[in-house]
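Undergrad: Just dropping this structure here.
Read-outs throughout are calculated quantities, based only on the coordinates presented, and are distinct from any laboratory measurement. Keep in mind that what you see is a predicted model, and the values were worked out from it rather than measured. Ideal geometry is used to build each Cβ from the backbone, glycine not excepted, and the neighbour counts take in all protein chains shown.
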Amino acid sequence: MLTLFRLGLVLWQWPRVEAVDGLWPVLIGGLRIDLVMIGMMIAIPAGAGPFFGHFAIAEKMTAWWFRTCWFLLLLLEVSTPQFIAEYDTRPNRLYFEYLRYPREVFSMLWEGYRLVLIAAFMGLGLGMWSAFKLFKSGQPDAALRWWLRPVVSAVLILFCVGSIRGTLQHRPINAASVAFGNDAMVNALPLNGFWSVTNAAYLTQNEKSSFDLYGKLPIDEMNEIVRRAAGIPEPMLDPYLPTLHRQTATMRRDQPLNLVIILQESLGAQYSKKLGGQHDLTPELDRLAQEGWWFERAYATGTRSVRGLEAVSAGFLPTPAQAVLTLPRSQTGFFTIAELLG
């Protein structure tokens, strides 16, 4: 089922998949990721089966367990095409972030994607009908001999653990293990929807709160320190915006100048001759240095490019928490230099 859905996504996005020769990497990587999820889902009944598989109640519980797993896998796969259409990736943390507002989300979906919702519910209904056909409640297995039970259980658990780990390397399989090109959406196709959502939920455990890490300081005292260090004169113009102040331009122009900001990914000073590099690899940037502001003593605002992006666009200092530009609702609600210039 997962492979068929993945093939459907590949056909839908074939121009992008073909551009990176991605058919076999998507299918082979997808099989590895699918085995991870299947290993997790079968581990408990597989390990317990040799000991309890001959009881009728265990057989019925196992059937319902697999029906539930099938439904969850199917739900995320049915949700994936519209999610890709909106966000150009498989379902991620946004999928469960918005579940905190079920009424608003469902009303929005019903108004804007009514036909898609109806088709999705029909697909889920058909899928659940197939689940009851595939995972029927039948006769319990015959009891294994007592000495065989731990042996068979150990073999099955070992198989599940190997499937879940997905590799013999020192790190378990992850999204980077099946990424192969420079198209992020195509790199997401080997994943399955349930894996990407549960992995996103798991990663939220590692996010740190800035409030828990920084020392405590009274707000008035903090504002006073910042205003004094920045040379902001009294009186305060707006208590809600304590650093707001008016700065008179030293030069008046009849026509305001445009501001162009160039953000270049992973460009070290060694590549620019203007900054002391060995080779003349950035002649156009070096030429622009004669016409604009060129800072020769600049310091990084963090260890990742996204920290520089949020610092330049919104003035954020680096924090131990997740970068603000990657947060789900980061498009509105705070100052940006674009808003100021607008």
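Undergrad: Are there any trypsin sites (Lys or Arg not before Pro) in region 143-217 that are in a DSSP loop and have at most 15 other Cβ atoms within 10 Å? List them by number. Walk me through the numbers before you get to the answer.
TA: Working: sites: Arg145, Arg165, Lys208, Lys216; in loops: Arg145, Lys208, Lys216.
Loop-located and lightly packed - Arg145, Lys208, Lys216.
Undergrad: Just to check, using Stokes-Einstein with a Kirkwood Rh over alpha carbon pairs, what's the diffusion coefficient of region 1-92 at 10 °C and 1.306 mPa s in µm²/s?
TA: 104 µm²/s
Undergrad: If the cut-off is 22 Å between C-alpha atoms, which lysines fall inside it for Lys60, apart from same-chain ones fewer than 8 positions away?
TA: Lys133, Lys136
Undergrad: Tell me, what is the FRET efficiency for Arg297 and Arg32 to the nearest 0.05, using R0 = 45 angstrom and their Cβ-Cβ distance as r? Please list the in-between numbers first.
TA: Details: r = 48 Å, r/R0 = 1.06.
With R0 = 45 Å, the Cβ-Cβ based efficiency is 0.40.
Undergrad: Something else now. Counting other Cβ atoms within 10 Å, which GluC sites (Glu not before Pro) in region 209-282 have at most 13 and lie in a DSSP loop? Write down the numbers at each step before the final one.
TA: Details: sites: Glu221, Glu224, Glu265; in loops: Glu265.
Here the sparse-neighbourhood loop sites are Glu265.
Undergrad: Karplus couplings for region 154-171 from phi (6.51 cos²θ - 1.76 cosθ + 1.60, θ = phi - 60°), rounded to Hz, Gly and Pro as x?
TA: 4, 4, 5, 5, 4, 4, 5, 4, x, 5, 5, 5, x, 6, 9, 6, 6, 10
Undergrad: Provide Arg227, Arg307, Arg297 in ascending order of the number of other Cβ atoms located within 10 Å of each residue's Cβ, fewest first. Mind dumping the intermediate values first?
TA: Working: Arg227 16, Arg307 19, Arg297 4.
Ascending number of Cβ neighbours within 10 Å: Arg297, Arg227, Arg307.
Undergrad: Mind checking which aspartates and glutamates have their C-alpha under 12 Å from Lys274, skipping anything on the same chain fewer than 8 residues away?
TA: Excluding near neighbours in sequence, the set is Glu284, Asp286, Glu296.
Undergrad: At what distance in angstrom do the alpha carbon centres of region 251-322 and region 146-192 lie from each other?
TA: First find each Cα centre; the distance between them is then 42 Å.
Undergrad: If I take R0 = 25 Å and measure r between the Cβ atoms of Ser266 and Ala314 in this structure, what FRET efficiency does the formula 1/(1 + (r/R0)^6) give, to the nearest 0.05? Can you show the working numbers first?
TA: Values: r = 21 Å, r/R0 = 0.83.
Plugging the Cβ-Cβ distance into 1/(1 + (r/R0)^6) gives 0.75.
Undergrad: If you don't mind, another one. Give me the percent of Cα-Cα pairs in region 2-206 that sit more than 30 Å apart, rounded to a whole number.
TA: On the way: 6681 of 20910 pairs.
Of the Cα pairs, 32 percent sit more than 30 Å apart.
Undergrad: Place a +1 charge on the Cβ of each Lys and Arg in the chain and a -1 charge on the Cβ of each Asp and Glu, then give the dipole magnitude about the Cα centre in debye, rounded to the nearest 20. Walk me through the intermediate numbers first.
TA: On the way: 30 positive and 28 negative charges, 222 e Å.
Rounded to the nearest 20 debye, it is 1060 debye.
Undergrad: Under 24 Å Cα to Cα from Lys216, which lysines show up? Leave out anything in the same chain fewer than 8 places away.
TA: Lys208
Undergrad: Looking at (i) 56, 39, 38; (ii) 90, 50, 47; (iii) 65, 44, 37, which value of Cα extents along the principal axes in Å comes from a calculation on the structure shown?
TA: (ii)
Undergrad: For the pair Ser177 and Ile219, how long in nm is the line joining their label points, each one 7 Å along Cα→Cβ?
TA: 4.7 nm
Undergrad: Ordered by residue, what ³J(HN,Hα) values in Hz, to whole numbers, does region 60-72 give under the Karplus form 6.51 cos²θ - 1.76 cosθ + 1.60, where θ = phi - 60° and Gly and Pro are x?
TA: With coefficients 6.51, -1.76 and 1.60, one gets 5, 5, 5, 4, 5, 4, 6, 4, 5, 4, 4, 4, 5 Hz.
Undergrad: Roughly how compact is region 32-135, stated as its Cα Rg over 2.2 N^0.38 Å to two decimals? Can you show the working numbers first?
TA: Values: Rg = 16.9 Å, N = 104, 2.2 N^0.38 = 12.8 Å.
In units of the globular-protein estimate, region 32-135 measures up at 1.32.
Undergrad: Run the numbers for Tyr240 and Ala119: contour at 0.36 nm per residue of separation, minus the present Cα-Cα distance, in nm.
TA: Details: separation 121, 0.36 × 121 = 43.56 nm, distance 4.88 nm.
The span from Tyr240 to Ala119 would gain 38.7 nm if fully extended.
Undergrad: What distance in nm lies between label points placed 7 Å from Cα along the C-beta direction at Leu203 and Arg228?
TA: 4.3 nm
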